[in-house]
Structures are given as C-alpha cells and as structure tokens.
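Some notes on the structure that comes next.
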Amino acid sequence: MNEIIIGIDLGTTNSEVAIVEQGKVTVIDDKGNKLLASFVGVDESGQIIVGETARNQYLVYPERTVKSIKRLMGQNTQIKLADQVFTPQEISAIILKQLKTIAENYLHQPVSKAVITVPAYFSDAQRQATREAGEIAGLDVVRMINEPTAAALVYDSAQAESKRVLIYDLGGGTFDVSVVNIESGVVEVLSSHGDNQLGGDDFDQQIINFLLNQLQENEQIDARNNSKAMARLTRAAENAKWVLSDQPFVQIDEEYLLEHKGEAIHLSLELSRIEYEEMIVDYIDTTMNAVHSALKDAKLTSSDIEEIILVGGSTRTPCIRERLFNEFGVEPHGEIDADLCVAMGAAIQAAMINGQQVDTVLVDVTSYTYGTSAIGTLAGKDYPFVFAPIIHKNSVLPSRKTESFSTNYHGQEFVDVSIYQGEDHDALNNVKIGEFRVEGLQDVKAGNVIILTLELDLNGILQVSAIEKMTGLEKSITIQNAFSYTESGKLDTAKQRITSLFGKLDSSLYEQNENEQEGQVVAPEVEKAYQLIAKAENLFDNVSTEDKEDMRDLIGQITKCIDSDKTDDLENTVAQLKDIIYYLES
Ligand code: AMP
C-alpha cells in the first residue's frame, strides 16, 4: 500500500489530524483528546510545549506562550517567547510536528506527507507560509485545500448530482462563510466571506464582562487586574457558554474567587440563555450580513441553497442554527462533529489522492425535529400552537436537549404539554406523539418557568420531562416509538392526525389515539367542533393562503375555548368556521 497521507486541520484555536483506514475516516486522538489546542510556549526550563499544557501556561505566563498564530501567517513578523524568537511559520511548524508525531505513534510508522486545510480567503502569501510550515515540520504538503471544501467532502463526497451548499464556519477566533457547488466529489468554491476577528472567544468575553460587572455592582470590586481571578472567570465563562448550548440556564459558582479587604469573595449567579443570546446578537448579525454578501457574490438567493453545513465549535450555539433555519428554511447539518469535520475532509482528500477507497461518513441522526407547542406569533399573528423545536432534525443520537417555557396567566395551576414531531412552524401541521399535564403548580404570577427536557435514544425512545423550576415539581412520560410515527406511512400533517382520530383512516396512529381517548367523555359540541376542525384541515391543500390563515386562526380559538370550557365562545367560533367551510365548498 502507498504511504498514508495524513489530513490536517491547522486551526486558529484547535488543530486535528485524521486518516482514512479501511475506508473509514478516523480522527486520531492523543491520550483521549482529538483536539490539539493551537498554543505553543516555552516552559520554565526553556523546553517547547504544545497543546493543552501551553494553553494552561498562557493563562499565567502569556509572555512565554502564543495562541492564534494562524492570524499572523504570511506576515513578516517575529514572535518572542521568553528569550527565543520565532517566525509564524516556525510556530505553526511546531504544531504540525506535534500532529505528525501523534499520527506516527498511532500508525507505528513514519509519516512524511500531508494534506493541510486553509481558509478559503487565505492569500497566496498565507498559503505559501503554511506550505513552509509543513516543510519545516518535515511534511511534504501534497495539497492544500480550502476548509469549506474539506467540510463539503465529508458530507457529500459520494453524491453525484450537483448541489449548492452554504458552509457556515464559526470557530474560536474566526468566522468564514462559503457558498460551494459540489458534484461527484468535486467542490468548487463560488464565493466566500468572513471576519478573521470574530468567534467564540468574543462570546466568552461578553460573559466575562457580565461577570465583572456583577462583581463591580454587588461587591464593588474590579477584578480586571487580578490575573488568577481573570483566568478563573475566563474558564467559567467558556464553560457556561457550553452549558447554555444544551440548557436554558446555567449556574455559575466560583468560590474563593479572590480576596478583598481580607475577606474571601465568592461568585454565584445564574445566567439564562435568553440573556446570553442578547449579549451576542450583534455578532450573529454580523455573520448573517456576511452570509448575504457571500450569496450576492455567488449571484444566488437563499432559495438556491439546498444544504447548509455547520463547521466550528461555536456553531453549537442554538440561536445560530435557528437564524439559519429561519433564513433558508433548511435544517442545517451539524451531525458530523463541527470541530473535527475539516480534518476529516482533509483525510478524505488525502485518501482520494492516494487512490484509497473512502466510505461515506455515517452517523446516527434524527430525521425529524421534536418539540412542543407554545403561544407565539405565526405569520405576524398571535397563535396558540406555534411549534417550539427542542431536538432538531439531523441531531446526533442519543440527544438530550432542554428548553424553558413559562406560564401564561396568574395563578396558573397546570400546563398541558404536547409533544410533536415535524418541521412545520404550526404545531398542528406536525404529528402529535404524546401529551401530559403538569398539575399543582405554585400560585404565582404568569411567567412561572417550566423546564422541558427531551431525551431521544438510538432506538427511538423519547423521554420527556417537565419540571417547575421554582419547586422541582416534575412530571415525565416515555414515548416508546418516536421514530415510527413517520415510518409507518409518513403521517406528516395534522390532517391525517385529525382524520385518523375520527375513524377515517385505519392506521396504527388511529389505534394509538383511540387508546389515548379511552375513558374520556367528550361533550357532543366538542366532538362536533373536532370534526369541523378535521374538515377544515382537509381543505388546507386546496385553498388560498388567506383562507387557510383565517381557518387556522379560528381553529386556534376553538381549541382554546375547548380547553377553557367556554361554551358560548365555542358556539360562536364554530359558527364562523362553518361559514368559511360552507363558502369554500359551495
Ligand atoms: P474551533 O475553533 O472550531 O475548535 O471552535 C472553538 C470554539 O468553539 C471555542 O470558542 C469554543 O468555546 C466553542 N465551542 C465548543 N463547544 C461549544 C459548545 N458546546 N457551545 C458553544 N460553543 C462551543
């Protein structure tokens, strides 16, 4: 066999090395860690240190450590570490040499060839500097490929038909967006934009500022000049950011953070995802502006984009996915580890050059979105059944996600939680797969926080729990076959759901819903109202958007009347819906 060519992602924050073995892509780990922090330093004894050790040293001895060297590639500058001086190429070479060693230890053989990725916007000088870094590290750089090209190869190397793909790459310190055309494993970059001073580090800084302000306000302490406290705050901020990617709140506790006038100062506070998202919204706006510029340069519009690929650790921030989904109507792909995707693509390219066969990279993902419904706005109008996604389509399984909701009125004693599967903004157009009631809530004002957690495993078992944040009161259910609703006949819309509920369809869902109804006595006017809703929804496909919206409005009102037992209002709204149906059918 030919000598293995390694694939390297030489990143601003982290770097990785990957190979293809027996058709499979492997990112090689070093003592369990696949990410090598792109930090280089000189320790107290004058030895070169790389990775996590250097990253730790950076917090205490920044004058002996360097990070983000990628930003200086191609510049005629010098980096001083303790009493030694290096060029940017030499620093990058130290990182590359470490990756080469990691690969050699894994393969038990020498490695001398590599494919290295660079940002699409890199100039000739920056590319040349990267090539030189490879040479200094003892690596023949057989090809340099653009990072978006690498990411696209991981998702699509086997696809034959031509596709327009948007690659949104937000790392620790840089942001890049590219529009590419991919066909039969060949990736053409149509346009790219970005900001090499924007990334997750800026998000961390926002949280750090918030923590510093809290210390100032509550304790009248300025911690900015206390390097140990700052190091702890920096770590705490990044950790909090990670937690907020999966949960709506994070508790930040830093005991004995510092001493002030002989007293120990502790930091303890809660940060919500909503507060955090407000802190970073300007940065996200900047990235979306770049997305639009990239589209414009490629002479395309949002509707031309068939797929979106997320790259870079910061794309785990949920509001980024939401913004892209809202803008493009396409659920972004993030199933292949956003941190490792580029290195994997480099390895695929290396294997292609080497004539090796490469299998498609497969991971278990959900094919549908799972969530609940909440009061919100739909098409500019208040609507009681806005779909609130919790586990998004394409999420890697098993997946556990938490979101918070709040009660709508003062003294609300219970909430009814419905769980839906589907992609429509209107929950009623998705498939309802379970529901339950949380009773005995505290007698408090509207806004009582209920935390909803969805946990979906590889077998399609969906655990749902709702907890009243204030008291810990919990109610949970297990939905055994969360996948099978759609597998058994693509029951995608409420049309089928409602129809089945009233016996027109003989499907498994029908039986399920019948069972759910067992023991419940439904008043005749309510049953009639449901039948009318089913009739209205049957007409949805053949009426104007305006009529559809009017009907949806009324359906929302009717369901509300049923839930709150308002018989007079029910009669009135049912009559209005009847009129519309009569008009449409005549
Ligand atoms: P990269 O340069 O692609 O390695 O991305 C590194 C950035 O991703 C850092 O700013 C990390 O803090 C950030 N990051 C990693 N995991 C998460 C997460 N779960 N949520 C938000 N940001 C993350």
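The values are calculated or read from the model by the stated rules, or taken from the named source; none is laboratory data. Here the structure is a predicted model, which means the values were calculated and not measured. Neighbour counts run over all protein chains shown; Cβ positions are idealised from the backbone, glycine included.
Table for the structure above
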read-out: Output for the stretch 370-419, where each listed residue is of a type in the set (Ser, Thr, Tyr), in contact (Cβ under 8 Å) with a residue 60 or more places away in the chain and part of a strand (DSSP E or B); value: 370, 372, 383, 402, 404
read-out: Positions within the stretch 542-568 being surrounded by fewer than 16 Cβ atoms within 10 Å (Cβ to Cβ), within 21 Å of residue 378 (Cβ to Cβ) and without any contact (Cβ under 8 Å) to a residue 40 or more places away in the chain, in sequence order; value: 542, 544, 545, 546, 564
read-out: Qualifying residue in the stretch 262-272 (condition: outside any strand (DSSP E or B) and surrounded by 14 or more Cβ atoms within 10 Å (Cβ to Cβ)); value: no
read-out: Of residues in the stretch 177-227 being in contact with a Ser or Thr (Cβ under 8 Å, 6 or more places away or on another chain) and in a loop (DSSP other than H, G, I, E, B), the one farthest from the ligand (Cβ to nearest atom); value: 185
read-out: Members of the stretch 322-354 found to be modelled with pLDDT of 90 or more, under 30 Å from residue 281 (Cβ atoms) and not in a loop (DSSP other than H, G, I, E, B), listed by number; value: 322, 323, 324, 325, 326, 327, 328, 341, 342
read-out: Residues (within 9 Å of the ligand (Cβ to nearest atom) and out of contact with any Lys or Arg (no Cβ under 7 Å at 6 or more places or on another chain)) located in the stretch 321-340; value: 339
read-out: Residue in the stretch 180-196 that is closer than 30 Å to residue 263 by Cα, touching a residue at least 40 places away in the same chain (Cβ under 8 Å) and surrounded by 16 or more Cβ atoms within 10 Å (Cβ to Cβ) present; value: no
read-out: From the options 311, 291, 250, residue that is free of Cβ contacts under 8 Å to residues at least 40 places away in the same chain, within 20 Å of the chain's Cα centre (by Cα) and either within 22 Å of residue 13 (Cβ to Cβ) or more than 16 Å from the ligand (Cβ to nearest atom) (or both); value: 250
read-out: Qualifying residue in the stretch 305-317 (condition: surrounded by fewer than 21 Cβ atoms within 10 Å (Cβ to Cβ), among the hydroxyl-bearing types (Ser, Thr, Tyr) and not assigned by TED's automatic domain parsing to the domain that holds residue 404); value: no
read-out: Matching entry among 154, 115, 111 (being part of a strand (DSSP E or B) and either more than 18 Å from residue 190 (Cα to Cα) or of a type in the set (Val, Ile, Thr) (or both)); value: 115
read-out: Every residue from the stretch 360-412 that is acidic (Asp, Glu), exposed (fewer than 14 other Cβ atoms within 10 Å of the Cβ) and farther than 30 Å from residue 19 by Cβ; value: 382
read-out: Unique match (being surrounded by fewer than 13 Cβ atoms within 10 Å (Cβ to Cβ), at pLDDT 55 or above and either closer than 26 Å to residue 395 by Cα or not assigned by TED's automatic domain parsing to the domain that holds residue 565 (or both)) among 440, 460, 503, 434; value: 440
